[in-house]
Amino acid sequence: MRHQLSFACEGAALAATLDDAPGTTGLLIVSGGNEIRSGAHRGMATLAQDVAVAGHPVFRFDRRGIGDSEGDNGGYLASGPDITAAIMAFRRAAPQVDRIVAFGNCDAASALLLHRPLPLDALILANPWTYEESCDGMDEPALPPAAAIRARYLARLKDPKSLLRLVKGDVDLRKLLRGVTALGRSTPPPAPHSLAARLDTAMAELDCPATILLAAGDRTAQAFMARCRPPRGSPVERLASPSHSFAGPDAEWLTARIVSALRQ
């Protein structure tokens with residue numbers, strides 16, 4: 001059963017949704033970007049429903065200044081108090097829960113890593129955000145790492161349809177030149193105080209298990225793998241998809257991985 005509720009965070013009332021289930025391991029969903037708790041095309045609402053059907057309660061919320069929540073939107077870098085308050089509210093709303101696993105995609109994954117310590121038992125981190133810009137403030141994502149570009153162009157050279165499009169003039173030559181120029185670039189090590197370096201430090205200091213989920217064709221996921229070092233022993237699972245939000249049929253893959261992590 002789905003319940004609507006609210007909880008307090010530093011004087012602001014935050015809106016939340018609980019998909020109830022009898023299990024003692026619950027899933028906390030932290031929204032990325034400026035998405036409301038239902039997610040893009042209600043993707044997180046559907047995920048919550050499916051995980052609850054599998055027996056695990058699921059708690060979603062709008063952080064301050066987003067959706068139905070009060071307060072000022074400070075972005076993911078200021079969301080530590082929101083996440084902490086949500087964990088406490090989850091425990092009150094589902095008192096049978098003795099283990100909480102948190103899931104975040106994009107900058108929500110980065111927020112879960114950065115805002116430590118948090119009373120969480122495990123993390124599921126999808127396509128963690130490593131760019132210094134806000135993920136909502138980029139009109140066009142940065143180029144993917146050179147290794148990913150090389151792999152993509154090699155695959156296209158083997159595809160007769162791609163070669164035919166080039167001959168017919170259906171290929172954007174400016175975009176092609178931009179990609180070819182990036183082939184010779186190597187990814188520099190992250191600056192000491194960069195977001196990527198901070199994420200590396202946070203992963204090295206994790207006191208709970210973490211599962212990393214990546215859409216292999218997504219630029220954000222590619223940048224994470226080029227710039228960061230997942231902690232040794234943390235499983236990294238890849239899906240051959242460019243979908244940053246695991247939309248459409250990719251949602252089944254995401255749900256299956258999350259349910260598996262909850263049962264560990």
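The values are calculated or read from the model by the stated rules, or taken from the named source; none is laboratory data. As the structure is a computational prediction, the values presented were derived from the model and not from experiment. Cβ atoms come from the backbone with ideal geometry, glycine included; neighbour counts cover every protein chain shown. The protein model used for the area step is the full one, side chains on, heavy atoms only, and it has no ligands, DNA or RNA in it. Shrake-Rupley method; radii C 1.70, N 1.55, O 1.52, S 1.80 Å.
Annotations
- Counted by Cβ distance under 14 Å from residue 207, the other residues give a net charge of -1, where Lys and Arg count +1 and Asp and Glu count -1.
- The distance between label points at residue 240 and residue 252 comes to 1.6 nm (points 7 Å beyond Cα on the Cα→Cβ vector).
- Contour excess over end-to-end distance, with Cα ends at residue 197 and residue 24 and 0.36 nm allotted per residue: 58.8 nm
- Sequentially through segment 102-118, phi angles give Karplus couplings (6.51, -1.76, 1.60; θ = phi - 60°) of 9, 10, x, 10, 6, 6, 5, 5, 5, 4, 5, 6, 6, 8, 10, x, 10 Hz, Gly and Pro residues having no value and appearing as x.
- About the centre of its Cα atoms, segment 28-105 shows a dipole size close to 180 debye [charges on the beta carbon of Lys, Arg (+1) and Asp, Glu (-1) only; nearest 20 debye].
- Each Lys or Arg adds one and each Asp or Glu takes one away; over the other residues whose Cβ falls under 12 Å from the Cβ of residue 71, this sums to -4.
- Estimated at 0.36 nm per residue, the fully extended path between residue 72 and residue 46 surpasses their Cα-Cα distance by 6.6 nm.
- Segment residue 232-residue 2, extension gain: residue separation times 0.36 nm, minus the distance between their alpha carbons: 79.0 nm
- Probe 1.4 Å - accessible area at residue 238, Å² to nearest ten: 140
- Using the Karplus relation 6.51 cos²θ - 1.76 cosθ + 1.60 with θ = phi - 60°, the per-residue 3J(HN,Hα) values for segment 218-230 come to 8, 5, 5, 5, 4, 5, 4, 5, 6, 9, 10, 10, x Hz, with x marking Gly and Pro.
- Rg then Dmax, both in Å and based on the Cα atoms of segment 185-264: 13.9, 42.
- Net charge contributed by nearby residues that have their C-beta within less than 12 Å of residue 49 (K/R +1, D/E -1): 0
- Across segment 123-130, computed HN-Hα scalar couplings (Karplus, 6.51 cos²θ - 1.76 cosθ + 1.60, θ = phi - 60°) run 10, 10, 10, 10, 6, x, 7, 10 Hz from first to last residue, x flagging Gly and Pro.
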